[in-house]
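The values are calculated or read from the model by the stated rules, or taken from the named source; none is laboratory data. As the structure is a prediction and not an experimental result, all values here were calculated from the model. As a convention, Cβ positions derive from the backbone with ideal geometry for all residues, glycine included, and neighbour counts pool all protein chains shown.
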Amino acid sequence: MSEMAIARELLEYGLTEPESRIYLYLAKKGATPAGEIAKALDLRRGQTYSVLKALQEKGIVETAAGKPTKFSGLPFPKALNVLVQAQKQRQQLMERLKPELLSMWQSVLPAGIEEVEEEKFQFLKGVESIYRKASEIIDLSKSQVTMVAPERALYHADRFGVIDQMNKASKRNVMVKLIAEMTPRTKEIQDRMKQILTKGFINHSPPHFLISDGKQIIFLTNPMESVDPKEANAIWTNSSMLVGTMQHFFENMWESERPEPGIAVSEPDKGKLSEMERQRIEMIREEYAKHIAVSGFQVEKDYALVGNSGAEYIFSLALLRGDEKPTVIDFEVSNEPITSMRVIEFFAKRLDVESLVKDATLVVKPRLDSDAQKLATFYRMKVTELG
């Protein structure tokens, strides 16, 4: 692993990017004056002193008396232990303060006023943010937790403590059910899922999502395998329509999969599109582009937009005219009816760019299945079915 990769991983331990760079420099080089550090890492002297002060407060950088003052980093294994312990102490402090804060909040609410549970959406970026939210809702679960996790997602869920949280929830009589991609690489994780009802999937790559008590859901809007972990995007929502649809999806999948405490052998994806189907998608897009261009629009393919959450999305087509906001179109073609998950993925994209576009349409072939139709109708999504 390169030093740059190590620096990126240290961000997960609570260090900022400059803190990570300076610590690693000191850990390798030994006692060094601040001016030399600033010059070597191309940092401003004032910024360097601020970062060194922060690292001292974190307990992983020390000073040596003399002129000029020199700074040195703790040995790497010891520094990791210090950072881990600091994170644990912070977590324990938050847990201790939680009841008091909740009580204080209730005391400041006007008499007779109750908090109303409205439909909400929250965009989450980066695996740390996503799985911190997952741990939070698992911790509050009272009756049931369900999750679907492909291999890469299962790895990150374990890394950020979600699997441990699920085991703990099961011990307090919460029904915990997991459908996971079982491979030789996840064997160690499987061995620690003794408290969790588990089934392994073997014939497709489903979406990654987690549902708590049938009231909250976190779902990834792009496959974990296709992006850098820090660029992973997910949505949390308490939308009863979305939660209900995905709970139904989970139960159907649970019935069709098999109990698999061991390792499942991957099989080809039965729903995977052939090269001919991919060509059909491109033909459909070309026909749309030609038809729309006649109407006076400028048509762009693979149009990129950065949503309000900071996530970047690619739309199949964008229709542009003058200073108007673009109208965006996505295409979804399958051998079978399009499922609700595909509708949810498009809904998530549309929701995040809503203020940036004039309109958004999903074009599907052959058609939506019944659950997807209900979802699209409920959220007033524009969908064109090609039959």
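Below, the figures for the structure above:
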| read-out | value |
| --- | --- |
| Segments classed as helices (runs of 4 or more DSSP H), wholly inside region 76-189, with at least 2 members that are under 30 Å from I22 (Cα atoms) | 76-108, 127-139, 151-159 |
| Where a residue in region 41-65 is under 12 Å from P18 (Cα atoms) and not assigned by TED's automatic domain parsing to the domain that holds L83 and its partner, wherever it lies, is surrounded by fewer than 18 Cβ atoms within 10 Å (Cβ to Cβ) and among the hydrophobic types (A, V, I, L, M, F, W, C), with Cβ under 7 Å and at least six apart | none |
| Test: E225 is surrounded by 16 or more Cβ atoms within 10 Å (Cβ to Cβ) and outside the structural domain of S340 (by TED's automatic domain parsing) | no |
| Long-range neighbours under 6 Å by Cβ, at least six apart or interchain, first residue assigned by TED's automatic domain parsing to the domain that holds Y379 within region 347-361, second part of a helix (DSSP H, G or I) and not polar (S, T, N, Q) | A360/R350 |
| Residue in region 15-27 that is surrounded by 13 or more Cβ atoms within 10 Å (Cβ to Cβ), aromatic (F, W, Y), in a helix (DSSP H, G or I) and in contact with a Gly (Cβ under 7 Å, 6 or more places away or on another chain) present | yes |
| Residues of region 183-194 that turn out to be surrounded by fewer than 15 Cβ atoms within 10 Å (Cβ to Cβ) and touching a residue at least 12 places away in the same chain (Cβ under 8 Å), as a count | 5 |
| Unique match (being assigned to a helix (DSSP H, G or I), surrounded by 18 or more Cβ atoms within 10 Å (Cβ to Cβ) and either more than 28 Å from the chain's Cα centre (by Cα) or not basic (K, R) (or both)) among L11, L55 | L55 |
| Top-ranked residue in region 157-206 [being in contact with a strand residue (DSSP E or B) (Cβ under 6 Å, 6 or more places away or on another chain) and among the basic types (K, R); ranked as nearest to L140 (Cα to Cα)] | K177 |
| Counted residues, region 61-87 - those being closer than 15 Å to Y49 by Cα and touching a Gly at 6+ places or on another chain (Cβ under 9 Å) | 6 |
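To keep it simple, each residue is scored yes or no on (1) buried (at least 22 other Cβ atoms within 10 Å of the Cβ); (2) touching a Phe, Trp or Tyr at 6+ places or on another chain (Cβ under 9 Å); (3) without any contact (Cβ under 8 Å) to a residue 12 or more places away in the chain; (4) in the same structural domain as K199 (by TED's automatic domain parsing).
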| residue | (1), (2), (3), (4) |
| --- | --- |
| I137 | no, yes, no, yes |
| Q144 | no, no, no, yes |
| M147 | yes, yes, no, yes |
| A153 | yes, no, no, yes |
| F160 | no, yes, no, yes |
| Q165 | no, no, no, yes |
| K171 | no, no, no, yes |
| M175 | no, no, no, yes |
| E181 | yes, yes, no, yes |
